[in-house]
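Enquirer: Before anything else, here's the structure in question.
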Amino acid sequence: MLIKNYSDLPGKAILDYYEGTIVEELLVLDEFGPGVEMPIDAYFRDFDEMPELERTAMQMCYGKVLDIGAGAGSHVLYLQEHGVKATALEISPTACEIMKKRGVESIIQQDIFEFSGQKFDTLLLLMNGIGLCADMDGLTRFLEHAKTLLNPKGQLLFDSCNVNYMYEEVDKPKERYYGEIRYKYRYGNVETDWFQWLYIDIFTLEKHAKALGWKIEVIEEDENDQYLVKLTLSDKK
């Protein structure tokens, strides 16, 4: 029997992996076809095992850092070890429990859109973390909110990718931006509701960010249309 509506399912799978009791693959299903496995060990990679884009981003971090959607805390742990004052922000209570066990020193369990009251020099979202915006309206909301969380001369670092390849056999949607993709997780006999995740191409991001007063710099791109960008606030108001 399939149990639905379990919102913290990735956190449950990550906890099972951490405790050595994992029972089945964590599957990611999208609107295009069969599910694919989400490798849970990706949440526990050390620096040398991370993709080059992630390593570059962490080496660019400075000052007070907020890792948004911190997962199991691997990025924050690396920053801590290298003397960077980093805070993990994560909506999953289970993931926060794991980070505490792993030694993450500063953890906030909250939705980024509800978080306020602190300012940082670096806002960090990796592993396509900008996807939490869900759609283009959500991206606007996030970029406006991010302005309230940054110190003067602060930076926003994130990676994303162009998902043109998903439309090789189907037409792109006309009613929404093509990088707004519907997903759900399945782990054993449990799955989440459908949710939306945003992937954005560089051209669209650049146009959108500039309209909201951000300067954008593409730091790196790879052969899979994945990229790392740095956003800073324009001097023009």
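The values are calculated or read from the model by the stated rules, or taken from the named source; none is laboratory data. Keep in mind it's a predicted model, so treat the numbers as computed, not measured. Here the Cβ positions follow ideal geometry from the backbone for every residue, glycine too, while neighbour counts run over all protein chains shown. These area figures cover heavy atoms from the full protein model, side chains too; ligands, DNA and RNA do not enter into them. Shrake-Rupley method; radii C 1.70, N 1.55, O 1.52, S 1.80 Å.
Enquirer: Looking only at strands (runs of 3 or more DSSP E) that fall completely inside segment 188-236, which ones have 1 or more residues that are over 19 Å from residue 159 (Cβ atoms) and either open to solvent by 50 Å² or more (accessible area, probe 1.4 Å) or not charged (D, E, K, R) (or both)?
Expert: Here the list reads 195-198, 226-233.
Enquirer: Let me ask you something else. Is it the case, given these coordinates, that residue 161 is touching a strand residue (DSSP E or B) at 6+ places or on another chain (Cβ under 7 Å), of a type outside the set (Asp, Glu) and in contact (Cβ under 8 Å) with a residue 40 or more places away in the chain?
Expert: yes
Enquirer: Out of all the residues in segment 49-106, which are part of a strand (DSSP E or B) and either open to solvent by 60 Å² or more (accessible area, probe 1.4 Å) or among the charged types (D, E, K, R) (or both)?
Expert: Across segment 49-106, the qualifying residues are 64, 67, 85, 90.
For every residue, the table says whether it meets (1) in contact with a helix residue (DSSP H, G or I) (Cβ under 9 Å, 6 or more places away or on another chain); (2) among the hydrophobic types (A, V, I, L, M, F, W, C).
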{"position": "59", "(1), (2)": "no, no"}
{"position": "68", "(1), (2)": "yes, yes"}
{"position": "72", "(1), (2)": "yes, yes"}
{"position": "76", "(1), (2)": "yes, yes"}
{"position": "83", "(1), (2)": "no, no"}
{"position": "96", "(1), (2)": "yes, yes"}
{"position": "103", "(1), (2)": "yes, no"}
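Enquirer: Here's something else I'd like to know. Please tell me if residue 30 is open to solvent by less than 40 Å² (accessible area, probe 1.4 Å) and modelled with pLDDT under 95.
Expert: The answer is yes for residue 30.
Enquirer: I'd like to check something: does segment 141-148 contain any residue that is in contact with an Asp or Glu (Cβ under 8 Å, 6 or more places away or on another chain), open to solvent by less than 60 Å² (accessible area, probe 1.4 Å) and closer than 26 Å to residue 58 by Cβ?
Expert: So far as segment 141-148 goes, no, none of its residues is in contact with an Asp or Glu (Cβ under 8 Å, 6 or more places away or on another chain), open to solvent by less than 60 Å² (accessible area, probe 1.4 Å) and closer than 26 Å to residue 58 by Cβ.
Enquirer: Any residue that is among the polar types (S, T, N, Q) and either farther than 25 Å from residue 20 by Cβ or in contact with an Asp or Glu (Cβ under 6 Å, 6 or more places away or on another chain) (or both) - is there at least one of those in segment 63-75?
Expert: No, segment 63-75 contains no residue that is among the polar types (S, T, N, Q) and either farther than 25 Å from residue 20 by Cβ or in contact with an Asp or Glu (Cβ under 6 Å, 6 or more places away or on another chain) (or both).
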